[in-house]
Every structure is written in structure tokens, then in C-alpha cells.
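The next block holds one structure in the form of C-alpha cells; read it before the comments.
The values are calculated or read from the model by the stated rules, or taken from the named source; none is laboratory data. Source: prediction; values computed, not measured. We place every Cβ from the backbone using ideal geometry, glycine too, and count neighbours over all the protein chains shown.
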Amino acid sequence: MQNQDMNEKDYENPLGQTDETEDEEELLTPEEEAAQRTRSAAKELFEWVELFAYSVSIVIILFTFICRIAVVSGPSMEKTLFDKEVLLASDLFYEPQAGDVIVFQSNTILDNEAIVKRVIATEGQTVDIDFQNWIVYVDGEAIEEPYINYEAGRYMNPSDYSFPMTVEEGKIFVMGDNRNHSTDSRDNRIGQVDTRFVLGRVLLRILPFGTFGPID
């Protein structure tokens, strides 16, 4: 019986090796440990560089095809937006709608810089303005504009155009919320804005950080 147990033990470990041998095989020389650490550090660095490259590519695609950054210039949109505030706008699947705050370019003013205004009417709609009472009519209906910077006792700045005015095909009529300090569709230097020059609808105010959030 004892011989049988010994034979089975020899069969399981025919060379007479012990667990200490396996432990010895796992031990590395200082040079090998240093090389292993170098390989691990290099692999980790490569992974971080790869992640950074992917992130930069995504940001470039995002801001090229989906979103744009715009900076407010001047007081024309007070008290909704203020000078030097930074905005995020998007034109992805966007069609201008009345009430939207948009960013557009004009080849007749400001050297093609981005301009921020509010859409008042779109193609086919008729705009009329009561300059004395600060009331804007679209298709005969007075629109509610709680966002405008109303100046009591003063007329709204006049226009280079006669009203009522029907918005032409493919164009929009825009105004600043700060009506007496805004160059907009009332001015013949901008006039009705071709929708092909619309860069997008303003989605968020991103700077200053304390004002981060959507635009009304």
C-alpha cells in the first residue's frame, strides 16, 4: 500500500520538483524588472497618446460639422446676451424659426464677422413695426417680446425700409433685442438675411462660466 502511494506521488511529480522551483522561475533579475517597467510605461504612454489623438479628432469633427463657437460683439442683444460672451451654435438639420437667436454672416458689414440676432420672421411672412409703441407685427399679429430692452418715453429707432414688408424667399428678417442699439434688418447694410449665410442657432452660452446655460 505504501509503495502504491509512492508510485502515485512519483507519477504526479516524476522529476521530484517542488513548488519552490515554480517560485524561482517567476523571479526576475533587476535588469529584467527594469525592462518590464519600461515596456509597461511605454505601453501606457502610447495608450494616452492614442486617446488624446482620438479626442482631438472628435473635437475637430464636432466643431467643423456640428457646432460653432461665436462671440457676442457689442450691446445689440442686451439684456439677453452681453458683449464678449461666448456662445455655442449649431446648424445641424437647422431651419430658422421665428424667435430663434442665430449666428450669421453678412458680406456688407463687419467684414464677414459672425453677427448674433433674433429671427423675427421667415420667408413669406409680413412684418410691420409700430415704432412709437415698440410693437412688432408678423402677419398682422403682435408678437410677444419680453426679451427686448424697452426704453420708455423713446421711439424705437427707425428703419431704412417702408413697412409692412414681406420677407423674400430664402431669407429671414432679424432684429437685436436691444432695439435702439442694434444694426439689423431695419438697416439696409444688413436687410433681409439670406439663409445660406446662417451659421446656426445659438444653443448655449458657455462663457463666462457663471452664465453657462441655454438661451431664451
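See the values below:
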{"quantity": "Odd one out for GLU169 among (1) at pLDDT 95 or above; (2) outside any loop (DSSP other than H, G, I, E, B)", "calculated": "(2)"}
{"quantity": "Positions within region 73-91 being of a type outside the set (Ser, Thr, Tyr) and touching a residue at least 40 places away in the same chain (Cβ under 8 Å), in sequence order", "calculated": "GLY74, PRO75, MET77, GLU78, LYS79, LEU81, GLU85, VAL86, LEU87, LEU88, ALA89, ASP91"}
{"quantity": "Output for region 113-142, where each listed residue is over 27 Å from the mean Cα position of the chain (by Cα), among the polar types (S, T, N, Q) and within 26 Å of PHE82 (Cα to Cα)", "calculated": "GLN132, ASN133"}
{"quantity": "Test: ASP160 is assigned to a loop (DSSP other than H, G, I, E, B) and closer than 23 Å to SER106 by Cα", "calculated": "yes"}
{"quantity": "Segments classed as helices (runs of 4 or more DSSP H), wholly inside region 1-116, with at least 1 members that are at pLDDT 60 or above and not assigned by TED's automatic domain parsing to the domain that holds TYR150", "calculated": "19-26, 30-61"}
{"quantity": "Residue list for region 97-112, filter: closer than 16 Å to GLY176 by Cα and over 17 Å from the mean Cα position of the chain (by Cα)", "calculated": "GLN97, ALA98, GLY99, GLN105, SER106, ILE109, LEU110"}
{"quantity": "Per-region count, region 158-190, residues surrounded by 19 or more Cβ atoms within 10 Å (Cβ to Cβ) and under 22 Å from SER73 (Cβ atoms)", "calculated": "13"}
{"quantity": "Filter result for ARG179 (farther than 20 Å from ALA98 by Cβ, basic (Lys, Arg) and at pLDDT 95 or above)", "calculated": "no"}
{"quantity": "Failed condition for SER185, given (1) closer than 15 Å to GLY99 by Cα; (2) assigned to a strand (DSSP E or B)", "calculated": "(2)"}
